[in-house]
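Visitor: Quick one: the structure is below, and I'll ask about it shortly.
The values are calculated or read from the model by the stated rules, or taken from the named source; none is laboratory data. Quantities reported herein were computed from a predicted structural model and do not represent experimental measurements. So basically every Cβ, Gly included, is an ideal-geometry build from the backbone, and we count neighbours across all protein chains shown. Keep in mind that these areas ignore ligands, DNA and RNA; they rest on the heavy atoms of the full protein, side chains included. Shrake-Rupley method; radii C 1.70, N 1.55, O 1.52, S 1.80 Å.
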Amino acid sequence: MHDLRRQALESGKTTSRKARSKVSSPANSKPSSPATSRAASRIRGNSSRAGSDDEGELSDETSFSVGSIDEVLNGDSTEHSGDAWRPELADRIEETLARKGSTVQGREKCYKAYVHILTAQYAEEEIRGKEAELVVAFLKSIKEEKTEKETILAMKALAMTLMTSPSDLIYEAASTPLKRAISHSTSTASKAAAIHTLGTCTFYGGASDDEILENMDFLLEIITSDGYTISASDEPEPVAAALEEWGFLCTLIDDMSPQSEDAVEAFAEQITSSFPSVQIAAGENIALLFEKSFKQVDPEEDSLADFPDSEIMSDPDETPGVPKLIRLYPAFRRTDQLIHSLQSIASISTHHLSKTDRKALRTNFVDILNSVEYPTRGPRYQNAISDETGKRYGSRMVVRIHKGGVMKIDKWWKLTRLQGLKRVLQGGFVGHYEKNEVVFETLPIMMSNDR
């Protein structure tokens, strides 16, 4: 399978579906009007990005949380052997479609089993031809919102269906019900789940370029208003969800120059939140936008003589052979002020946060600060020199793919997409990465041997 992945990359072969094309080739889009609303206050309180372990009856089947970065990289343990899941999935599909006479508790149990199987197994063949009917059933549960648990399970089931078998028609069917849930649900958890599901449907469900940008504006309004625009004022969960999905969709857009200034300003305000989940998601989006404002020098296409020295960036600690970067546009004009804010968080020592939260903030914001100052550096960049190679370690973030090797996460767009996949797939990420072409094309990274 790993050899097939390498061959796919080398041949440049991709599927013909519009949704999959967007995944592997970010769209060049004419931007829509950026959101301009601003809130007077920032979200306050204490909350870890990893979330609470005490989630009551909620579990991986209802969770869109990826936990800490270490959990993202190494938390895959969902493995099932044999074919016993196939008849079980067939029964759950039949039960979902035969909705008449079902109970809320029965649907909750059915959806949970469906999500669990689709997370653990790549079941495109098993659901082929049934996607439209399944989507209708899940949307009915979302619209009726009988219970929080059924609603969130239906959203997760919708997301997993789309992740397993993308369709250019799902976005059109799902976007309005999901936006209605985001704006009008009485459950904060349901609002956050709907935001995540909207992100997945936009990414994989056939949304046009304009619709992608429209949804990014919608999410930015949630962020800048601290949730006020969706009747969730000062609630961290939907604001963090909006930040995460904004970043996920941002990876589809090549040119962010029209939106970058307003977006960074909004995120710079949110890094002052008292909720680490909000702070970290906002900071990662800032790093992503700075990364997107530069391009690597292509010796065959770019002549440095065509660019002023002020637009050429090189890392003062770079090793020979590391390409220079050219700044395409300023990501944010008040960079000095931004750096000062990032420095204060990277060295945070306040005791009103837990030790875990302080460590998470320091670790993440050291990386974010590093990338804002030197866009050549990706997540977990280390200047230390290896005794074995004599070269700097550079970005040391990797994902281990069983015994087959490691995937290097050395760019913010890679980390953003990895986290977007993990929010939906949870512990099934590795299995889907190896078998599910949709997942692989979202993060088409060459794997290296684990040495």
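Visitor: Determine which single condition ALA241 fails, assuming it passes every other condition in (1) among the small types (Gly, Ala, Ser); (2) farther than 17 Å from LEU342 by Cβ; (3) surrounded by fewer than 22 Cβ atoms within 10 Å (Cβ to Cβ).
Guide: Of the numbered conditions (1) among the small types (Gly, Ala, Ser); (2) farther than 17 Å from LEU342 by Cβ; (3) surrounded by fewer than 22 Cβ atoms within 10 Å (Cβ to Cβ), the odd one out for ALA241 is (3).
Visitor: For the range 186-214, name all the residues that are assigned to a loop (DSSP other than H, G, I, E, B) and surrounded by fewer than 24 Cβ atoms within 10 Å (Cβ to Cβ).
Guide: Taking the range 186-214 first, the residues assigned to a loop (DSSP other than H, G, I, E, B) are 186-187, 205-208.
Selection gives THR186, SER187, GLY206, SER208.
Visitor: Residues of the range 331-378 being surrounded by 20 or more Cβ atoms within 10 Å (Cβ to Cβ) and of a type in the set (A, V, I, L, M, F, W, C), which ones?
Guide: Residues satisfying the conditions are ALA331, PHE332, LEU338, LEU342, ILE345, ALA360, LEU361, PHE365, ILE368, LEU369, VAL372.
Visitor: If you go through the range 105-120 one residue at a time, how many are under 23 Å from GLU434 (Cα atoms) and either open to solvent by 20 Å² or more (accessible area, probe 1.4 Å) or of a type in the set (Gly, Ala, Ser) (or both)? Before the answer, list the steps.
Guide: So in the range 105-120, the residues under 23 Å from GLU434 (Cα atoms) come out as 113-120.
Retained after the next criterion (residues that are either open to solvent by 20 Å² or more (accessible area, probe 1.4 Å) or of a type in the set (Gly, Ala, Ser) (or both)): 113, 116, 120.
Matching residues across the range 105-120 total 3.
Residues are listed down the side, and each one gets a yes or a no for (1) closer than 23 Å to LEU415 by Cβ; (2) modelled with pLDDT of 95 or more; (3) touching a Gly at 6+ places or on another chain (Cβ under 8 Å); (4) in a helix (DSSP H, G or I):
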position: GLU221; (1), (2), (3), (4): no, yes, no, yes
position: ASP226; (1), (2), (3), (4): no, yes, no, no
position: ALA232; (1), (2), (3), (4): no, yes, no, no
position: PRO238; (1), (2), (3), (4): yes, yes, yes, yes
position: GLU244; (1), (2), (3), (4): yes, yes, yes, yes
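Conditions tested, residue by residue: (1) under 15 Å from the mean Cα position of the chain (by Cα); (2) open to solvent by 40 Å² or more (accessible area, probe 1.4 Å); (3) acidic (Asp, Glu).
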site	(1), (2), (3)
ILE170	no, no, no
HIS184	no, yes, no
MET216	yes, no, no
SER231	no, yes, no
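Visitor: Can you tell me which residue in the range 125-150 is nearest to SER175 (Cα to Cα), limited to those that are open to solvent by 30 Å² or more (accessible area, probe 1.4 Å), assigned to a helix (DSSP H, G or I) and in contact (Cβ under 8 Å) with a residue 40 or more places away in the chain?
Guide: Among them, the one singled out is LYS140.
Visitor: Any idea how many residues of the range 382-425 are β-branched (Val, Ile, Thr), without any contact (Cβ under 8 Å) to a residue 60 or more places away in the chain and outside any strand (DSSP E or B)? Full working, then the answer.
Guide: Residues of the range 382-425 β-branched (Val, Ile, Thr): 385, 389, 398-399, 401, 406, 409, 416, 424.
With the extra rule that they be without any contact (Cβ under 8 Å) to a residue 60 or more places away in the chain, the set shrinks to 385, 389, 406.
Add one more test, that the residue is outside any strand (DSSP E or B), and what stays is 389.
Number of matching residues: 1.
Visitor: Only one residue in PHE294, PHE248 is in contact (Cβ under 8 Å) with a residue 12 or more places away in the chain and under 21 Å from THR442 (Cβ atoms). Which one? Give the derivation first.
Guide: Values: PHE294 fails: under 21 Å from THR442 (Cβ atoms).
Answer to the check: PHE248.
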